[in-house]
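Please treat every number below as a calculation from the coordinates, not as lab data. Here the structure is a predicted model, which is why all the values come from computation and not from measurement. Quick reminder, even Gly has a Cβ in these numbers, built from the backbone with ideal geometry, and neighbours come from all protein chains shown.
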């Protein structure tokens, strides 16, 4: 998994009101958030068709976790080995925050 994305895509499920956010099945975003808080990663839906090593961690999920000051385990590891730099994430005021 890669950590090159710096901003969420326009239909990221972590963006309030995005097309993906509003069409997720009931309880799905809560389940994703729960998994993230339990140190699971979340692959950007736009990279799922790529080989595993080219898939990207969702920027919206990373911004959400950093906003809570709770980066998941893979983010912490990637940061320690120089693959992830939280300071390069773009600020996004529309990130979900009430979960």
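Results, tabulated for the structure shown:
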item	result
Difference of contour (0.36 nm per residue) and Cα-Cα distance, residue 77 to residue 29	14.8 nm
Pairwise Cα inverse-distance average, inverted: Kirkwood Rh of the chain (Å)	13.5
Spin-label pair residue 40/residue 85, simplified geometry with 7 Å Cα→Cβ offset, distance in nm	3.1
Residue of 31, 82, 17 that the Gaussian network model of the chain assigns the largest fluctuation, springs spanning Cα pairs under 10 Å	82
Label-point separation in nm, residue 98 to residue 66, each point 7 Å along Cα→Cβ	2.5
Compactness relative to 2.2 N^0.38 Å, alpha carbon Rg of the range 1-55	1.17
Sorted by Cβ neighbour density within 10 Å, fewest at the top, the residues 46, 10	10, 46
Per-residue [θ]222 nm for the chain (sum of -39500 (n - 2.57) over DSSP H runs n ≥ 4, rounded to 500)	-8500 deg cm²/dmol
Most fluctuating residue given options 67, 50, 16, as computed from a GNM of the chain linking Cα atoms under 10 Å	50
For 41, 19, order by how many other beta-carbon atoms lie within 10 Å, fewest first	19, 41
